[in-house]
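A quick write-up on the structure given underneath.
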Amino acid sequence: MQNIDKNSNSTNIVRLFFSNIGAAIIAVMISGIYVITDGIFVGSYVGKEALAAIGIAYPVFMILPGVGLMLGIGGGAMMSMNRGANELNLSKLAFVTSIKLILWLGAVCMLVLYSLSSALLSLQGAQLAIVEIAQQYLDIYTLGAVFAVASSAITLLIRNDEHPAIAMLIMVFGALLNIALNYYFLAVLSIGISGAAIATVISMVVVCLLSVGYFLSSKSKLIKFTLNLADFKSENVFKCLSINRQMTKGILVTGSSVMAMYIYSGFVIALHNKLFAQYGNTASLSAFAIVGYLMGIYYMLAEGIGDGVQPLLSFFYGQKRVDIIYKLMKISLVIVFTTGIATYLILNIWPEFFVMLFNGDTQVMNKAITGIKYHLAGMYLDGLIVLMTVYFMAVQRLSLIHI
């Protein structure tokens, strides 16, 4: 990125754009397999009741990737902006603060889900049997809350350390592991919905371990760790875990938009679940879960474009290159809009094929096809919202404050 000069033309910008978003798109699309894989295996090997259970569990546990993306995008944006402004010490501070926030907020999320998950599931109005199945899934997922937050955030920090390909490979490995474990636990061992949760948590733990290994290796460009046993003495524990307040404020404010977006999405999904439970049946909940999974395919594509272009936007914002930022956003908006329209058309041309991936029940099939036709008609607008949210986070001015 440092090689972009004042005379850079549109061809150079386009090449830079695609060289950076390719790995990001693959990484985010693959990461979405975590949730989609659970839906496919649960719907195929456990049944529509379990699929409905994951549908009502989803708006509860999505707080975890929401917090992770808030810290990953917020911390990553500040890393790149400060690096673009040649403030390397502030860039390193942004990384260290992000890691500490991941640990602290991950622990808070675990306590919140442990305390409130049962009430949040019951509020959606599903049958008691479905709520109990959903609770089995959430109980295991809650135990891995710190890793769920960390796995969503830390690969974004790797991407902002100028290694998008490594971030992609780590996420691809985690997704493939999740598929293999889902098959083993559900198809071979037949342990039900708990197996899907166990598979997901194990995969997230592996992603976190591989990511930490990256930052401990010579591959890391910005961050170099040195382990000092003195830091672990009892009198230094508080200092080790303390967080720089101003940098924390910058990260949280910069990434707060994505968290707000996840909270809003979770509320809307929960509201739909309640209405379907009240005026429909288990098949309605299952069908809505399937429509949500299919919507997630495009949503993750848009998120991948946003995650890929964010380090570039932040870096060139640090260099005050408004001309390049304009060109990058123009390309991103065109791609997000056209792929949104194309995805909607493809889903409506072959709806039976996509629904059958999750469940073959005739009633579920008919309701899901109707949902694809009407509920996803404005899907491309969600992609535009995702991209604009990333833009505003990428160019926050708070990261330029000297700490």
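Laboratory data are not the source of any read-out in this text; all were calculated from the coordinates shown. Since this is a predicted model, take the numbers as computed values, not measurements. Glycine gets a Cβ as well: all are built from the backbone with ideal geometry, and neighbour counts include every protein chain shown.
What percent of all Cα-Cα pairs in region 48-134 falls into each 5 Å bin, going from 0 up to the bin containing the maximum distance?
3, 14, 18, 15, 12, 10, 9, 8, 6, 4, 2, 0
At what distance in nm do the modelled label points of Gln127 and Trp104 sit from each other, each positioned 7 Å from its Cα along Cα→Cβ?
4.5 nm
Could you tell me the distance between the Cα centroids of region 264-316 and region 117-185, to the nearest Å?
Value for the Cα centre distance between the two parts: 15 Å.
Kindly state, to the nearest 0.05, the FRET efficiency for Ala187 paired with Lys373, given R0 = 25 Å and r defined as their beta-carbon distance.
So, using R0 = 25 Å, E works out to roughly 0.20.
Could you work out Rg/(2.2 N^0.38 Å) for region 108-171, with Rg from alpha carbons only?
Expressed relative to 2.2 N^0.38 Å, the Cα Rg reads 1.51.
What's the extension gain from Ala165 to Phe18 if we count 0.36 nm per residue and subtract their Cα-Cα distance?
51.7 nm
By how many degrees, between 0 and 90 and to the nearest 10, does the Cα long axis of helix 322-349 differ from the longest principal axis of the chain?
10 degrees
Can you give the percent of C-alpha pairs in region 92-137 whose distance is more than 17 Å?
So the pairs more than 17 Å apart make up 50 percent of the total in region 92-137.
Calculate, in nm to one decimal, what Arg245 and Ala342 gain on full extension: separation in residues at 0.36 nm each, minus their alpha carbon distance.
Contour length minus Cα-Cα distance gives 30.5 nm.
Show me 145-152, 189-196 ranked by packing, highest mean number of other Cβ atoms within 10 Å first. Could you put the intermediate results ahead of the total?
Numbers: 145-152: 26.8, 189-196: 18.9.
Taking the mean over residues of other Cβ atoms within 10 Å, the ranking is 145-152, 189-196.
Could you tell me the calculated FRET efficiency between Phe353 and Lys330, based on Cβ-Cβ distance and R0 = 35 angstrom, to the nearest 0.05? Before the final figure, lay out the partial values.
On the way: r = 34 Å, r/R0 = 0.98.
Rounded to the nearest 0.05, the efficiency is 0.55.
Suppose we keep just the alpha-carbon trace of region 256-403; what are its Rg and Dmax in angstrom?
18.4, 61
What FRET efficiency, computed as 1/(1 + (r/R0)^6) with R0 = 30 Å and r the Cβ-Cβ distance, is obtained for Leu381 and Lys221, rounded to the nearest 0.05?
FRET efficiency, Leu381 to Lys221: 0.20.
With angles folded into 0 to 90 degrees, how steeply does helix 88-122 sit against the dominant principal axis of the chain? Use alpha carbons for both and round to 10.
Helix 88-122 and the main axis of the chain meet at about 20 degrees.
Could you give the Stokes-Einstein D for the chain in µm² per second, using the C-alpha Kirkwood radius, 20 °C, 1.002 mPa s?
99 µm²/s
Quick one: Kirkwood hydrodynamic radius for region 144-211, alpha-carbon pairs, angstrom, one decimal?
Its Kirkwood hydrodynamic radius stands at 12.2 Å.
By how many degrees, 0 to 90 and rounded to 10, does the Cα axis of helix 145-160 deviate from the longest principal axis of the chain?
Result, in degrees: 40.
If we restrict to alpha carbons, what Rg and Dmax does region 77-194 come to, in Å?
Considering region 77-194 through its Cα atoms, Rg and Dmax are 18.6, 57 Å.
Sort 384-393, 157-166, 300-309 by packing, meaning the average of other beta carbons within 10 Å per residue, with the highest value first.
Those peptides, ordered most packed to least, come out 300-309, 157-166, 384-393.
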